[in-house]
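The numbers here are math on the coordinates, done by the rules we state, and not lab data. Please read these numbers as outputs of a predicted model, since none were measured by experiment. Glycine also receives a Cβ, built like all others from the backbone with ideal geometry; neighbour counts cover every protein chain displayed.
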Amino acid sequence: MKTSTFLLFLAIVLNVQYISAFNLIHFLQNLFRNEQPTYKYTYFDARLRGEFIRFILSYAGVEFEDNRVKGEDWPSLKPTTPFGQVPVLEVKKGSKVTEIAQSQAIARYLANEFGLYGRNNLENAVIDMYGAQLGDLFDAFSTSFNSNTTLSFFTEVWPRNFQFFEDRLNKNGNGFLVGKRLSWADIYLSQMTDFIQNKDEFLNKFPLVKALDKKVRSIPKIADWIKRRPDGDF
Ligand SMILES: N[C@@H](CCC(=O)N[C@@H](CS)C(=O)NCC(=O)O)C(=O)O
């Protein structure tokens with residue numbers, strides 16, 4: 001049997017809930033070529049928009065430099081980033097460093113690398129759709145924060161969106177947002193619950209989101225990150 005056939009066979013056999021065939025093949029290929037990239041993740045010393053990427057990096061089980069920029073250092077760093085904003089992920093392969101800005105682009109790259117996508121392009125598009133909705137929700141949170149309207153945001157916009165996700169989980173019917181396995185959108189949705197005060201009470205109204213959140217946070221590598229992550233500013 002050719003090595004690639006054997007690896008494919010092994011990957012299919014091991015294609016359990018949290019390990020996709022793609023993930024395993026990719027990992028083994030990189031291992032044999034000794035081309036494991038290294039990661040430097042730059043964001044503020046906060047959770048906010050950047051934390052879900054830390055969840056994904058933790059899930060991936062890769063070492064990453066968690067570069068937390070202090071407010072006073074931001075003005076000098078800002079012009080060195082691709083679009084004057086964070087998060088930015090630097091991926092170093094050999095001597096080549098590639099910077100990825102835009103949280104959604106970072107998430108999609110990591111999802112492709114570490115098997116957090118679906119089984120085909122259609123599933124991937126739906127996963128990206130949920131990611132984009134969560135990104136919009138975070139934007140709305142940011143706007144409400146800057147205009148001192150967080151109260152109405154958390155009483156109207158936030159529960160409306162959680163109801164959307166509850167309905168979508170109900171429609172998919174198996175505890176994940178898309179297909180039958182974990183995707184980057186599931187992780188993003190779970191991490192968003194970091195921002196809820198009285199989380200238990202709030203999530204009681206959204207039992208499927210609550211169950212997904214529990215499942216994500218009990219994945220050992222994510223649980224470990226949650227245990228050791230710094231508090232940060234927000
Ligand atoms: N669409 C971008 C938005 C990035 C963004 O708004 N970053 C904020 C922090 S959450 C930032 O860098 N603010 C500082 C600034 O703009 O100077 C993404 O999803 O990454």
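Summary table
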read-out	value
Positive-end extreme of charge dipole, the chain - chosen from Leu24, Pro159, Ala107 (charges on Cβ)	Leu24
Computed lengthening from Gln102 to Phe195, 0.36 nm per intervening residue step minus Cα-Cα distance	31.4 nm
Antiparallel %, DSSP beta bridges [both residues in the chain], to 5	65 percent
Karplus-derived HN-Hα couplings along segment 56-71 (A = 6.51, B = -1.76, C = 1.60, θ = phi - 60°), whole Hz, x at Gly and Pro	5, 4, 5, 4, 5, x, 9, 5, 9, 7, 8, 7, 9, 7, 7, x
Other-chain or far-sequence residues with amide H under 5 Å of Phe44's (modelled H)	Val69
For segment 35-187: relative contact order, % (alpha-carbon pairs under 8 angstrom, 6 or more apart)	23 percent
Segment 211-225 - phi-based ³J(HN,Hα) in whole Hz, Karplus 6.51/-1.76/1.60, Gly and Pro as x	5, 5, 4, 4, 5, 4, 6, 9, 5, x, 5, 6, 4, 5, 4
Per-residue HN-Hα couplings for segment 95-112 [Karplus 6.51, -1.76, 1.60; θ = phi - 60°; Hz; x = Gly/Pro]	9, 9, 10, 10, 9, 10, 9, 6, 4, 5, 5, 5, 4, 5, 4, 5, 4, 5
Which listed pairs, of Lys40/Lys70; Lys92/Lys215; Lys70/Lys210; Lys40/Lys210, have C-alpha distances above 25 Å, in listed order	Lys92/Lys215; Lys70/Lys210; Lys40/Lys210
The chain shape via C-alpha gyration tensor axes, a/c threshold 1.5	oblate
Fewest-first sequence of Ser147, Ser58 by Cβ atoms within 10 Å of each Cβ	Ser147, Ser58
Neighbour-count ranking [beta-carbon atoms within 10 angstrom, fewest first] of Leu122, Leu116	Leu122, Leu116
Within segment 52-114: Cβ-based charge dipole about Cα centre, in debye rounded to nearest 20 (Lys, Arg +1; Asp, Glu -1)	140 debye
Ranked Met129, Met192, criterion: other C-beta atoms within 10 Å, fewest first	Met129, Met192
